[in-house]
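Here's the structure, in structure tokens; my notes come after.
The values are calculated or read from the model by the stated rules, or taken from the named source; none is laboratory data. Note that the structure is predicted; figures quoted are calculated from it, not measured. Positions of Cβ are backbone-derived with ideal geometry, glycine not excepted, and every protein chain shown enters the neighbour counts. Each accessible area value is taken on the protein alone, full model and side chains, heavy atoms only, with ligands, DNA and RNA left out. Shrake-Rupley method; radii C 1.70, N 1.55, O 1.52, S 1.80 Å.
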Amino acid sequence: MFKGTEKLWDILGEILAVAMVITYAILILNSTFHFIPMDSIVMTILQSLKTWGSLILIGVVGFEAMSKRNFIFRIIFLALLAIIVIFMFFPGTYANFIGIVAR
């Protein structure tokens with residue numbers, strides 16, 4: 001599935017890592033100096049990048065790492081990534097799951 005794509009995932013991971021650092025730096029600076037209005041489209045984009053960019057970066061770096069591994073590790077990684085995405089889309093599912101485990 002990922003054979004021969006390690007270089008592609010490497011380049012994408014580097015680009016996303018730099019983009020995420022810039023995003024977090026802008027958001028941290030904006031929390032102090034308030035140069036971007038909170039209700040602007042730019043702030044909405046930055047907040048979305050903060051949330052989803054991190055998950056995408058995890059996926060890309062994971063795909064890069066899994067390109068060198070066997071099929072079982074790929075399946076485990078994809079299953080764990082799917083669980084994270086499901087819990088992000090359905091936060092009530094996470095709360096129910098934690099409630100079941102905590103009993």
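Things to note:
- Dipole magnitude of the chain, debye to nearest 20 (Cβ charges: Lys/Arg +1, Asp/Glu -1, about Cα centre): 400 debye
- Rounded accessible area of M38 (nearest 10 Å², 1.4 Å probe): 140 Å²
- The order of the peptides 55-61, 13-19 by mean Cβ neighbours within 10 Å, most packed first, is 55-61, 13-19.
- Within the accessible area of region 1-96, the carbon and sulfur atoms contribute 77%, probe 1.4 Å, all protein chains present.
- Here Y24 sits with roughly 90 square angstrom of accessible surface, probe radius 1.4 Å.
- Normalised size of the chain, defined as Cα radius of gyration per 2.2 N^0.38 Å with N residues, equals 1.35.
- For F77, the solvent-accessible surface with a 1.4 Å probe is about 40 Å², rounded to the nearest 10.
- Computed from Cα positions, the angle between helix 6-33 and the longest principal axis of the chain comes to roughly 30 degrees.
- Rounded to the nearest 10 degrees, the angle from helix 54-66 to the longest Cα principal axis of the chain is 30 degrees.
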